[in-house]
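Encoded as structure tokens, the structure appears first; notes follow it.
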Amino acid sequence: MASGFGNIVTQTQSRGGVVGPINNVQFTVGWDSSSGVAILVGTYAQWGLQSGGVTDNEVLMGTDDNTSFERSSTQSLDTDQLYQWRGLTINVDTGQTRTGSTENFKTYAQNPTCPTPSASSITGSSATIAATGYALNVTTSTGTAYLQYKAASSGTWITATYAVASSGNLSANLTSLSLGTTYDVRVLIERNTENVTSIAGTTYQFTTTSPTATSAAATSVGGTTATLNGSYNAVGAVGGDPLTVRFEYGTTTGLGTNVTVASATGTGSVSTSTNLTGLALNTTYYFRIRAFTSTADVAGSTLSFTTSTPTASTSAATAVEATTATLNGSYNAAGAVIGAPVTVRFDWGPTISYGNSTTITTTATGSGSVNTSTNVTGLTANTLYYFRIYISYSTGSADGGQLSFTTLTGQSTMMVF
């Protein structure tokens, strides 16, 4: 090589964007005559696969007649391949050459394909998730495709399954999910490529089935007792987080009192009930069935019932004389209990305001009609009297209806001798 020809002073390659299976790579070679004399020089880029030769491909980037210059050329190379390259300059007049050092590089890989997953066979605690048509889009690199899920409210992804094949499908059966909970599902691909080493596809969401609870009409309603009824479906609740089932009731729509009737798992509708005691007479109660786990909470409609009302009925007076009479009536305590009994009395007098009372009992309980009476004395002959049977209890009272009777006329007895 003749002196004064100069040297390759810079040699760089720059990988650009990926378009489908093509990676655009720019080769740049800088030359200097070193003598300050302009020389006509052709500048080339040579490249090939590392498994082949560096001179397998060649492109003339330009011919310059100058003391120094830099030439570049962008070439479309296959993605994810191991290449080698170098710069080459040729003195056009003499044929002398200068070659740069051979350098290795790897082209960028095509972006991976992350399909959007789907979910099927969804129950309260299980589901099948799947993703069709993932692709690592690598040639010399490797990677892994993951099918992942998590609760939407959580930040931790769980890998359900994975694959290292360059392309394919993913599916997994999920169990032990939480009732009524929204889950995220995605495909994540990780690669040991020069670019896009990790990418996640579009997130898909599904929600597990929520338990159900349905209130049903109360039955066997008495004065102080009632049976609450309803049904529930645990929709696959599991032992670690069973479905708690209870009835809630009270004298307002705010309820306030509850009775737990089940700790349920499994699926299918289940009827249930609970017997209440110690209720107040003639009182409206509200109730509903409720079912919940740590993640789901459902309630049936709020229904109502009214406990029975004690009753009283006045009957005609008997054994009416000038100064005495027997007052009669009946009552039904409607299931009153010892702690809240019914008081029974007769009111009587010469006016409709009565003025006199005779208590029969202050401890009437139980249910069923009871006949009762009382004898009154000291009445005035030939006088109209009014009377009634009257009952009272903690939440109300009842009047048996007003009746009347007239005492007999008094007569003196004359003896003749």
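The values are calculated or read from the model by the stated rules, or taken from the named source; none is laboratory data. Model, not experiment: these values are computed from the prediction. Quick reminder, even Gly has a Cβ in these numbers, built from the backbone with ideal geometry, and neighbours come from all protein chains shown.
Tabulated values for the structure
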item: Matching residues in the stretch 246-274 - criterion: being in contact (Cβ under 8 Å) with a residue 40 or more places away in the chain, assigned to a strand (DSSP E or B) and either within 24 Å of T284 (Cβ to Cβ) or within 17 Å of the chain's Cα centre (by Cα) (or both); result: R246, F247, E248, T272, S273, T274
item: Boolean, T372 is within 55 Å of the chain's Cα centre (by Cα) and of a type in the set (V, I, T); result: no
item: Filter result for the condition that a residue is out of contact with any Leu (no Cβ under 9 Å at 6 or more places or on another chain), in a loop (DSSP other than H, G, I, E, B), touching a residue at least 12 places away in the same chain (Cβ under 8 Å) and surrounded by fewer than 18 Cβ atoms within 10 Å (Cβ to Cβ), over S154, S72, S101; result: S101
item: First in the stretch 278-291 and in contact (Cβ under 8 Å) with a residue 60 or more places away in the chain and within 14 Å of G254 (Cα to Cα), second anywhere and acidic (D, E) and in a strand (DSSP E or B), Cβ under 6 Å, 6 or more apart; result: R288/E248; R290/E248
item: Qualifying position, being over 19 Å from T283 (Cα atoms), out of contact with any helix residue (DSSP H, G or I) (no Cβ under 7 Å at 6 or more places or on another chain), without any contact (Cβ under 8 Å) to a residue 40 or more places away in the chain and part of a strand (DSSP E or B), among T361, T351; result: T361
item: Boolean, D80 is in contact (Cβ under 8 Å) with a residue 60 or more places away in the chain, out of contact with any Pro (no Cβ under 7 Å at 6 or more places or on another chain) and either among the β-branched types (V, I, T) or farther than 30 Å from A151 by Cα (or both); result: yes
item: Among the candidates G62, G87, G95, G124, residue that is surrounded by 14 or more Cβ atoms within 10 Å (Cβ to Cβ) and part of a loop (DSSP other than H, G, I, E, B); result: G124
item: Selected residue (only one of T113, T74 is over 23 Å from G48 (Cα atoms) and not assigned by TED's automatic domain parsing to the domain that holds V138); result: T113
item: Strands (runs of 3 or more DSSP E) wholly inside the stretch 186-236 containing at least 1 residues that are crowded, with 19+ Cβ neighbours inside 10 Å and touching a Leu at 6+ places or on another chain (Cβ under 8 Å); result: 212-219, 226-233
item: Single unsatisfied condition, A319 versus (1) aliphatic (A, V, I, L, M); (2) assigned by TED's automatic domain parsing to the domain that holds G366; (3) surrounded by 16 or more Cβ atoms within 10 Å (Cβ to Cβ); result: (3)
item: Qualifying residue in the stretch 337-346 (condition: part of a strand (DSSP E or B), closer than 30 Å to T307 by Cβ, free of Cβ contacts under 8 Å to residues at least 60 places away in the same chain and basic (K, R)); result: yes
item: Scope the stretch 237-251; condition over 16 Å from G300 (Cα atoms) and surrounded by fewer than 20 Cβ atoms within 10 Å (Cβ to Cβ); matching residues; result: V238, G239, G240, D241, P242, T251
item: Residue match in the stretch 29-50 (condition: more than 20 Å from I90 (Cβ to Cβ) and at pLDDT 90 or above); result: yes
item: Residue list for the stretch 278-307, restricted to those being β-branched (V, I, T), in a strand (DSSP E or B) and crowded, with 21+ Cβ neighbours inside 10 Å; result: I289
item: Some residue of the stretch 349-366 being over 24 Å from G410 (Cα atoms), in contact with a Gly (Cβ under 7 Å, 6 or more places away or on another chain) and hydroxyl-bearing (S, T, Y); result: no
item: Qualifying residue in the stretch 46-55 (condition: surrounded by fewer than 13 Cβ atoms within 10 Å (Cβ to Cβ) and either touching a residue at least 24 places away in the same chain (Cβ under 8 Å) or of a type in the set (K, R) (or both)); result: yes
